[in-house]
Amino acid sequence: MKDSYKREINYLRISVTDLCNLRCRYCMPEHGVEKFSHEKILSVEEIAEIASISAELGVKKIRLTGGEPLVRRGIIDICRKISEIPQIEELCITTNGMLLKQYAKELREAGVDRLNISIDTLQNEKYKDLTRCKISEHPVDDIFAGIEAAKKAGFENIKLNAVLIGGWNDDEITDFVELTKDNPYQIRFIELMPIGEAASWDKRSFLPNETVLEKAPELKAIGESGVAKLYQKEGYEGTIGLISPVNHHFCSQCNRLRLTADGKLKACLHSKKETPVKGLHGEELRATIANEISNKPENYDLGYDNPSSSMRNMNQIGG
Ligand code: SAM
Ligand code: SF4
């Protein structure tokens, strides 16, 4: 289904929980978030119904995110139910990878097509500091063990996401690029967005993605993949993707609709507007989703001086 600006809305991102086993400094408060009561959070069946009606309205791709989707009880059931929806061509998950080793095989068997794994630094100690990780002494090694398990389970085209943060990981850009030498990963640098926790961060943390090209001038442009501009170093197996939501807005190409764990539809990541769908079923649910698509805002002029108007932290929206 098209919105009023003739954009085809075919991609639904579902935050299946706002809880997480990490506390990334730019995403979540240190003390975590208050757990929604059982009645407030969408059930597996409700998520499946919303996904199914969205698919009838034209959604072809669904991404499960969070919080951390792999800590959601029933995640495998959710995957199975969504992958059985005939119109859904691609089911993806964005995960921090901490539990991937344990879940990779089940996720694949439940019909998940692709994985995006967030990893902002390749150094264990820095990772523990940035994510305030308390669950592993060697989290980066655990993520790579998860990636190996995912490959063994049959996942291909694994994407690694790194949020570029001035003073935290801009000194590792070439290390990330070198990781693509013998590995077919697409490593995507994402500009830090001024939203939630990060909205009050110092300007120096917000780097344009051009920084990657300055630090790795040997990268050659090779095309585009969705909202990412793709680059590659000659002779390297993998690629580098640059996603620039702050310095190069992609609102005119936006094909997304978002659903929060407590059942609110968001047609724009940065708008305050949210539409509750929890408790709606059948025709009423369909009409509400269709209306949300029709009324998707044209754009949002995100920038350091104009932070997101979304009232939520990213762990509640899912990125
Ligand atoms: N927990 C999972 C993970 O980290 O991959 C899924 C949820 S997380 C909110 C989804 C993505 O949003 C992650 O790649 C994370 O780095 C990114 N993210 C969170 N806050 C962000 C911000 N302020 N700017 C840019 N990306 C952000
Ligand atoms: Fe958790 Fe992902 Fe947010 Fe980090 S970015 S706190 S892993 S939800």
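Please indicate, with yes or no, whether at least one residue in segment 74-85 is touching a helix residue (DSSP H, G or I) at 6+ places or on another chain (Cβ under 9 Å), buried (at least 22 other Cβ atoms within 10 Å of the Cβ) and of a type in the set (Gly, Ala, Ser).
No, the conditions are met nowhere in segment 74-85.
Limited to segment 116-172, what total is found for residues that are in contact with a strand residue (DSSP E or B) (Cβ under 7 Å, 6 or more places away or on another chain), of a type outside the set (A, V, I, L, M, F, W, C) and more than 19 Å from LEU70 (Cβ to Cβ)?
4
Looking only at helices (runs of 4 or more DSSP H) that fall completely inside segment 84-172, which ones have 1 or more residues that are touching a Gly at 6+ places or on another chain (Cβ under 8 Å) and of a type in the set (Val, Ile, Thr)?
139-152
So which residues in segment 280-319 are touching a strand residue (DSSP E or B) at 6+ places or on another chain (Cβ under 7 Å) and closer than 30 Å to ARG25 by Cβ, if there are any at all?
TYR304, GLN316, ILE317, GLY318, GLY319
Hey, among ILE88, ILE93, ILE117, ILE135, which residue is free of Cβ contacts under 8 Å to residues at least 40 places away in the same chain and within 15 Å of ligand 2 (Cβ to nearest atom)?
None of the others qualify; the one that does is ILE93.
ASN161: in contact (Cβ under 8 Å) with a residue 60 or more places away in the chain and surrounded by fewer than 22 Cβ atoms within 10 Å (Cβ to Cβ), yes or no?
Taking the combined requirement at face value, the residue satisfies it.
Since LYS60 meets every condition but one in (1) touching a Lys or Arg at 6+ places or on another chain (Cβ under 7 Å); (2) under 27 Å from ALA287 (Cα atoms), which condition does it not meet?
Evaluating LYS60 over (1) touching a Lys or Arg at 6+ places or on another chain (Cβ under 7 Å); (2) under 27 Å from ALA287 (Cα atoms) leaves (1) as the failure.
Take ASN183 and tell me if it is crowded, with 20+ Cβ neighbours inside 10 Å and at negative phi.
Spelling it out, it is not the case that ASN183 is crowded, with 20+ Cβ neighbours inside 10 Å and at negative phi.
Restricting to segment 241-260, what's the tally of residues that are among the hydrophobic types (A, V, I, L, M, F, W, C) and within 14 Å of the chain's Cα centre (by Cα)?
Residues that pass the stated criteria total 3.
So which of ARG312, ARG286 is within 13 Å of ligand 1 (Cβ to nearest atom) and basic (Lys, Arg)?
Among ARG312, ARG286, only ARG312 is within 13 Å of ligand 1 (Cβ to nearest atom) and basic (Lys, Arg).
Pull out all pairs, ordered by first then second residue, where Cβ-Cβ is under 7 Å, the residues are six or more apart or on different chains, the first lies in segment 194-208 and is touching a residue at least 60 places away in the same chain (Cβ under 8 Å) and of a type in the set (Lys, Arg), and the second is part of a loop (DSSP other than H, G, I, E, B) and more than 9 Å from ligand 1 (Cβ to nearest atom).
LYS203/TYR304
Condition check: in contact with a helix residue (DSSP H, G or I) (Cβ under 9 Å, 6 or more places away or on another chain) and exposed (fewer than 15 other Cβ atoms within 10 Å of the Cβ). Does THR260 satisfy that?
Answer is no for this residue.
Identify all residues within segment 263-283 that are surrounded by fewer than 19 Cβ atoms within 10 Å (Cβ to Cβ) and either without any contact (Cβ under 8 Å) to a residue 60 or more places away in the chain or outside any loop (DSSP other than H, G, I, E, B) (or both); write none if there are none.
Passing the criteria: SER271, LYS272, LYS273, THR275, PRO276, GLY279, GLY282, GLU283.
From the set of residues in segment 25-75 that are acidic (Asp, Glu) and farther than 18 Å from CYS92 by Cβ, which is nearest to ligand 1 (Cβ to nearest atom)?
The extreme case among them is GLU30.
Looking at (1) surrounded by fewer than 17 Cβ atoms within 10 Å (Cβ to Cβ); (2) within 16 Å of ligand 2 (Cβ to nearest atom); (3) among the acidic types (Asp, Glu), which is the one condition that is false for GLU8?
Of (1) surrounded by fewer than 17 Cβ atoms within 10 Å (Cβ to Cβ); (2) within 16 Å of ligand 2 (Cβ to nearest atom); (3) among the acidic types (Asp, Glu), only one is false for GLU8: (2).
Residues being over 12 Å from LEU107 (Cβ atoms) and not aliphatic (A, V, I, L, M): count how many of those fall in segment 73-93.
Selection size over segment 73-93: 8.
Is it the case, given these coordinates, that LYS229 is closer than 21 Å to ARG188 by Cβ, away from ligand 2 (no atom under 16 Å from the Cβ) and in contact with a helix residue (DSSP H, G or I) (Cβ under 6 Å, 6 or more places away or on another chain)?
no
Please go through (1) over 20 Å from the mean Cα position of the chain (by Cα); (2) away from ligand 2 (no atom under 16 Å from the Cβ) for ILE158 and return the number of the only condition it doesn't satisfy.
The number of the failed condition is (1).
Go through segment 300-319 and count every residue that is among the aliphatic types (A, V, I, L, M), out of contact with any helix residue (DSSP H, G or I) (no Cβ under 6 Å at 6 or more places or on another chain) and at pLDDT 85 or above.
Counting residues in segment 300-319 that are among the aliphatic types (A, V, I, L, M), out of contact with any helix residue (DSSP H, G or I) (no Cβ under 6 Å at 6 or more places or on another chain) and at pLDDT 85 or above gives 2.
The values are calculated or read from the model by the stated rules, or taken from the named source; none is laboratory data. Keep in mind it's a predicted model, so treat the numbers as computed, not measured. In this analysis, Cβ positions are derived from the backbone assuming ideal geometry, glycine residues included, and neighbour counts consider all displayed protein chains.
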